[in-house]
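Enquirer: Following this message is one structure expressed as structure tokens.
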Amino acid sequence: MISKQLKEARGFEEEHISRIRDIERPAFHLTGGCGWINDPNGFSYYKGEYHLFYQYHPYSNIWGPMHWGHAKSSDMLSWKRLPIAMAPDQEYDNFGCFSGSALELADGRHLLMYTGVQKSSDLSGESGAQTQCLAFGDGVNYEKYEGNPVIKADTLPKGSSTCDFRDPKIWQEDDGTFFAVAAGMDADGNGQIALYRSQDALAWEFCSILAKSSAKLGGMWECPDFFELDGKQALLVSPMAMLPDGRDFHVGHNTLALIGDYDKKAYRFTGENLQPIDCGIDFYAPQSLLTPDGRRVMIGWMQAWSNSKFVPPGVKYFGQMTVPRELQIRDGKLIQTPVREILNYRGERILHESVTVDAQERIFEDVEGRTVDMTVTVRDISQLKKLIINVAADDVYHTSVSFMPKKGILNLDRNFSGYLYDIVHSRDIPVQTKNGGLKLRFILDRYSLEVFVNDGEKAGTLALFTPLDADKITFRAEGTAQIDVEKYELKF
Ligand code: FRU
């Protein structure tokens with residue numbers, strides 16, 4: 001049954017979607033039909049196609065009662081929009097249908113597991129109890145389960161918060177058992193990740209607390225993901241309210257990967273290595289899936305919560321997803337690279353080899369554009385103090401990526417990208433040179449830049465609001481550098 005709220009939301013989207021021209025959106029990064037989006041949800045492979053849902057408030061460019069928007073794709077890059085999947089139309093989710101995940105059931109149904117947030121009982125209209133709920137569908141329409149909610153906070157260790165318990169990530173093991181991790185907060189205000197198990201995906205049993213923030217890694221943890229990869233186990237979380245820690249973590253919301261080992265029988269996870277997932281400004285709440293050919297692919301919300309209230313005037317929608325990224329674990333570290341499907345969209349190869357860059361700004365006539373896949377290999381850094389690469393540039397605008405080998409820093413700076421607000425616009429990413437150089441892959445898609453360092457050892461993401469005619473790419477150095485530039489236009 002399609003509720004009044006869902007019908008209204010679908011109708012509103014249909015009416016407003018045509019006001020946004022294709023060129024006003026990224027070419028291959030998913031955006032909402034209109035209005036606001038945040039976290040990726042329900043990233044799954046269903047009946048031969050990839051499905052991606054997202055936290056969605058179609059009615060305005062700011063966060064509001066959460067719906068689930070929906071799109072599908074054959075390659076995770078060209079998306080087809082589908083009708084809004086869920087609206088906050090039940091008593092247990094009347095404050096919002098918060099984040100969650102999805103999988104294909106053996107009987108062919110698409111299962112969504114999400115957090116139902118209820119308005120608090122004190123008439124304040126604020127958020128109240130959070131519980132885990134289900135919906136079943138056919139890839140387009142979804143029915144909420146009559147037995148909702150299926151997991152309540154009273155299953156958690158004593159003293160755990162009932163209002164901070166959310167973002168279930170579900171998976172099924174080879175023996176058919178379902179598992180889910182959900183984020184919560186313990187009696188001392190620490191983030192905690194709870195593991196649940198079920199035989200039928202309807203009745204759930206608490207197994208263990210897999211990890212905690214332990215006063216150091218932020219307060220509440222959001223949007224957990226938990227999977228095996230390359231013989232190790234990874235736990236991804238998005239902590240709120242963190243103190244900065246060295247050069248790796250900044251103040252506020254972060255994303256982190258804990259890599260370690262998992263004892264499946266004892267439900268015990270031991271995290272050994274800790275690292276930020278993305279060191280740029282705009283990345284949060286990532287979620288992954290397993291492709292039919294065995295790749296673990298992660299996608300994130302390309303936005304920072306702390307900047308999200310600063311919506312530039314004239315913007316017709318707010319929020320986009322990152323490029324889907326293939327994950328690997330190498331030497332205990334998470335490696336991420338844009339999905340290989342992107343190669344199918346590459347145009348002609350432009351190559352400039354062994355170019356010397358110095359104080360004189362260098363522009364190559366055939367290296368420009370705003371939908372670009374470009375790799376810059378810095379070969380000789382012996383005489384280099386700083387290499388500055390500007391993208392989305394003209395006389396007024398630019399976004400710069402600067403490499404300072406002696407400091408071991410890659411700086412991303414979007415002060416001149418078109419934003420007019422005094423918010424965070426610059427980040428330093430610690431990087432290590434490799435074979436005496438550095439490799440930088442730039443993925444530009446009209447309104448964003450994602451940089452991948454040394455074949456995915458580090459990633460940094462920025463959302464941009466730069467007018468599209470600022471499409472120059474320039475190179476300059478303090479000292480000198482030898483570089484190769486390989487550039488492809490991405491054609492969608
Ligand atoms: C993370 C988050 C989730 C929550 C959702 C609400 O960005 O706060 O924890 O489910 O967004 O929109």
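Enquirer: Among residues belonging to segment 411-442 that are part of a loop (DSSP other than H, G, I, E, B) and among the β-branched types (V, I, T), point out the one that is nearest to C279 (Cα to Cα).
Expert: V431
Enquirer: Check L438, L412 and return the single one that is at pLDDT 95 or above and under 24 Å from the mean Cα position of the chain (by Cα).
Expert: Within the list L438, L412, the selection yields L412.
Enquirer: Applying the selection to segment 377-405, what residues are without any contact (Cβ under 8 Å) to a residue 40 or more places away in the chain and open to solvent by less than 50 Å² (accessible area, probe 1.4 Å)?
Expert: Residues satisfying the conditions are S400, S402, F403, M404, P405.
Enquirer: Specify which of the listed residues (G64, G35) is surrounded by 22 or more Cβ atoms within 10 Å (Cβ to Cβ), within 14 Å of the ligand (Cβ to nearest atom) and over 16 Å from the mean Cα position of the chain (by Cα).
Expert: Going through G64, G35 in turn, the sole match is G35.
Yes/no per residue for (1) open to solvent by 10 Å² or more (accessible area, probe 1.4 Å); (2) of a type in the set (D, E); (3) away from the ligand (no atom under 16 Å from the Cβ); (4) within 17 Å of D261 (Cβ to Cβ):
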{"residue": "A183", "(1), (2), (3), (4)": "no, no, no, no"}
{"residue": "Y196", "(1), (2), (3), (4)": "no, no, yes, no"}
{"residue": "D200", "(1), (2), (3), (4)": "yes, yes, yes, no"}
{"residue": "G231", "(1), (2), (3), (4)": "yes, no, yes, yes"}
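Enquirer: Sticking with this structure for a sec: Restricting to segment 91-119, name every residue that is in contact with a Lys or Arg (Cβ under 6 Å, 6 or more places away or on another chain) and more than 17 Å from A285 (Cβ to Cβ).
Expert: Within segment 91-119, N94, F95 meet the criteria.
Enquirer: State yes or no: is D263 surrounded by fewer than 17 Cβ atoms within 10 Å (Cβ to Cβ), at pLDDT below 95 and more than 16 Å from the ligand (Cβ to nearest atom)?
Expert: no
Enquirer: Follow-up. Which residues, counting only those in segment 210-226, are crowded, with 19+ Cβ neighbours inside 10 Å and either over 11 Å from F179 (Cβ atoms) or away from the ligand (no atom under 16 Å from the Cβ) (or both)? Walk me through it before giving the result.
Expert: In the first step, residues of segment 210-226 are kept if they are crowded, with 19+ Cβ neighbours inside 10 Å; the result is 210-211, 213, 217-218, 220-226.
Within segment 210-226, L210, A211, S213, L217, G218, M220, W221, E222, C223, P224, D225 meet the criteria.
Enquirer: Just give me the residues in segment 337-363 being in a strand (DSSP E or B) and surrounded by 15 or more Cβ atoms within 10 Å (Cβ to Cβ), in sequence order.
Expert: Residues satisfying the conditions are T337, P338, I350, H352, V355, V357, R362.
Enquirer: Kindly list, by first and then second residue, each pair from a residue in segment 219-239 that is without any contact (Cβ under 8 Å) to a residue 40 or more places away in the chain to a residue that is buried (at least 24 other Cβ atoms within 10 Å of the Cβ) and assigned to a strand (DSSP E or B), limited to pairs with Cβ atoms under 6 Å and residues at least 6 apart or on different chains.
Expert: Correct list of pairs: W221/A183; W221/G191; W221/V237.
Enquirer: Could we say that Q55 is closer than 19 Å to S288 by Cβ and either open to solvent by less than 10 Å² (accessible area, probe 1.4 Å) or touching a residue at least 24 places away in the same chain (Cβ under 8 Å) (or both) here? Spell out the reasoning first.
Expert: Numbers: closer than 19 Å to S288 by Cβ: yes; either open to solvent by less than 10 Å² (accessible area, probe 1.4 Å) or touching a residue at least 24 places away in the same chain (Cβ under 8 Å) (or both): yes.
Yes; evaluated as a whole, the condition is true for this residue.
Enquirer: Within segment 131-143, count every residue that is polar (S, T, N, Q), out of contact with any helix residue (DSSP H, G or I) (no Cβ under 7 Å at 6 or more places or on another chain) and either assigned to a strand (DSSP E or B) or open to solvent by less than 30 Å² (accessible area, probe 1.4 Å) (or both).
Expert: Within segment 131-143, residues that are polar (S, T, N, Q), out of contact with any helix residue (DSSP H, G or I) (no Cβ under 7 Å at 6 or more places or on another chain) and either assigned to a strand (DSSP E or B) or open to solvent by less than 30 Å² (accessible area, probe 1.4 Å) (or both) number 1.
Enquirer: Could you tell me which of the residues G246, G252 is touching a helix residue (DSSP H, G or I) at 6+ places or on another chain (Cβ under 8 Å), over 21 Å from V297 (Cα atoms) and surrounded by fewer than 18 Cβ atoms within 10 Å (Cβ to Cβ)?
Expert: Working: G246 fails: touching a helix residue (DSSP H, G or I) at 6+ places or on another chain (Cβ under 8 Å).
So the residue among G246, G252 that is touching a helix residue (DSSP H, G or I) at 6+ places or on another chain (Cβ under 8 Å), over 21 Å from V297 (Cα atoms) and surrounded by fewer than 18 Cβ atoms within 10 Å (Cβ to Cβ) is G252.
Enquirer: For segment 96-104, does any single residue satisfy the condition of being open to solvent by 50 Å² or more (accessible area, probe 1.4 Å) and under 18 Å from A180 (Cβ atoms)? Spell out the reasoning first.
Expert: First pass over segment 96-104, keeping only residues open to solvent by 50 Å² or more (accessible area, probe 1.4 Å): 104.
If we keep only those that are under 18 Å from A180 (Cβ atoms) as well, we get 104.
Looking through segment 96-104, at least one residue is open to solvent by 50 Å² or more (accessible area, probe 1.4 Å) and under 18 Å from A180 (Cβ atoms).
Enquirer: Wholly within segment 271-336, which strands (runs of 3 or more DSSP E) include no fewer than the required count, namely at least 1 residues that are among the hydroxyl-bearing types (S, T, Y), in contact with a Leu (Cβ under 9 Å, 6 or more places away or on another chain) and open to solvent by less than 10 Å² (accessible area, probe 1.4 Å)?
Expert: Working: elements: 284-290, 296-301, 325-330.
Once the strands (runs of 3 or more DSSP E) in segment 271-336 are filtered for at least 1 residues that are among the hydroxyl-bearing types (S, T, Y), in contact with a Leu (Cβ under 9 Å, 6 or more places away or on another chain) and open to solvent by less than 10 Å² (accessible area, probe 1.4 Å), what remains is 284-290.
Enquirer: Determine if segment 284-293 includes at least one residue that is farther than 16 Å from T255 by Cβ and within 15 Å of the chain's Cα centre (by Cα).
Expert: The answer is yes; a qualifying residue exists.
Enquirer: Of the numbered conditions (1) under 19 Å from the mean Cα position of the chain (by Cα); (2) open to solvent by 30 Å² or more (accessible area, probe 1.4 Å), L444 fails exactly one; give the number of that condition.
Expert: (2)
Enquirer: Which condition number does C163 fail, the rest of (1) surrounded by fewer than 19 Cβ atoms within 10 Å (Cβ to Cβ); (2) away from the ligand (no atom under 16 Å from the Cβ) being met?
Expert: (2)
Enquirer: Return only the number of the condition from (1) assigned to a strand (DSSP E or B); (2) over 23 Å from Q328 (Cβ atoms); (3) hydrophobic (A, V, I, L, M, F, W, C) that V451 does not satisfy.
Expert: Result: V451 fails condition (2) only.
Enquirer: K169 is checked against (1) basic (K, R); (2) more than 22 Å from I299 (Cα to Cα); (3) within 16 Å of the ligand (Cβ to nearest atom) and fails just one. What number does that condition carry?
Expert: Only one criterion in (1) basic (K, R); (2) more than 22 Å from I299 (Cα to Cα); (3) within 16 Å of the ligand (Cβ to nearest atom) is unmet by K169, namely (2).
Enquirer: If you go through segment 105-126, how many residues are in a strand (DSSP E or B) and open to solvent by less than 70 Å² (accessible area, probe 1.4 Å)?
Expert: Of the residues in segment 105-126, the ones in a strand (DSSP E or B) are 110-119.
From what is left, the residues that are open to solvent by less than 70 Å² (accessible area, probe 1.4 Å) are 110-118.
Counting residues in segment 105-126 that are in a strand (DSSP E or B) and open to solvent by less than 70 Å² (accessible area, probe 1.4 Å) gives 9.
Enquirer: For segment 115-124, give me each residue that is within 16 Å of the ligand (Cβ to nearest atom) and not hydroxyl-bearing (S, T, Y).
Expert: Across segment 115-124, the qualifying residues are G116, V117, Q118, K119.
The values are calculated or read from the model by the stated rules, or taken from the named source; none is laboratory data. The shown structure was predicted, so the numbers you read here are calculated from the model rather than taken from an experiment. We place every Cβ from the backbone using ideal geometry, glycine too, and count neighbours over all the protein chains shown. Only protein heavy atoms, including side chains, enter the accessible area calculation; ligands, DNA and RNA are left aside. Shrake-Rupley method; radii C 1.70, N 1.55, O 1.52, S 1.80 Å.
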